[in-house]
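The values are calculated or read from the model by the stated rules, or taken from the named source; none is laboratory data. Quick caveat: nothing in here was measured; it's all calculated off a predicted structure. To get the accessible areas, we keep the full protein, side chains included, count just its heavy atoms, and leave off ligands, DNA and RNA. Shrake-Rupley method; radii C 1.70, N 1.55, O 1.52, S 1.80 Å.
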Amino acid sequence: MMIQIVRTTPDNPDFIALIALLDQDIKIKDGDEHAFYAQFNKSDSIKNAIVIYDDQIAVGCGAFKKYESDIAEIKRMYVNPETRGKGIATKVLKELEIWAQEEHYNSCILETGYKFTAAIGLYKKNGYAVIQNYGQYKDAADSICFQKIL
């Protein structure tokens, strides 16, 4: 494995391609709730994105956006199924946290669905604590929200 972590923007073609795969995966798992969640997963308010390459092939991505002046919201986390289990998602998450700190954020928050058990495990393993659902997810019964103080 020859891993390269690239900080980029949501305009990056590899980020766009990975997000398309993410959206397909989410649509299947979300089922009838997909339209509700999809409206919050647009990339237009995101400025900070990461793509991870393994031997020059884009295999994972993630991003963050401003939630509040000192809180970054982690968005668009995805790793290709063929490369899961190799620590790539943790590398993406750690790089997003470092970048968020450099941008003067004190904590990161995120939302995932209860159906995404691997994601829940990833966030817990990396020091994220369950918090009360925030913002647009406040009344979403299928959502679980997390926070990590940086």
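Values as computed for the structure displayed
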{"quantity": "Carbon + sulfur, % of accessible area of the chain - ligands and nucleic acids excluded, 1.4 Å", "calculated": "52 percent"}
{"quantity": "Solvent-accessible area per residue for the chain (1.4 angstrom probe, square angstrom)", "calculated": "53 Å²"}
{"quantity": "Cut-off under 5 Å, modelled amide H: who pairs with Thr8 long-range", "calculated": "Ala49, Ile50, Val51"}
{"quantity": "For Arg84, residues with placed amide H under 5 Å, excluding near neighbours", "calculated": "none"}
{"quantity": "Extension gain from Gln4 to Gln136, taking 0.36 nm per residue of separation minus the Cα-Cα distance", "calculated": "44.1 nm"}
{"quantity": "The chain: relative contact order as a whole-number percent, Cα under 8 Å and 6+ apart", "calculated": "20 percent"}
{"quantity": "5 Å binning of all Cα-Cα separations within region 102-150, expressed as whole percents from 0 upward", "calculated": "5, 22, 30, 22, 14, 5, 1"}
{"quantity": "Among [x] 16.1; [y] 15.4; [z] 17.4, the entry that matches Kirkwood radius over Cα pairs in Å as calculated here", "calculated": "[y]"}
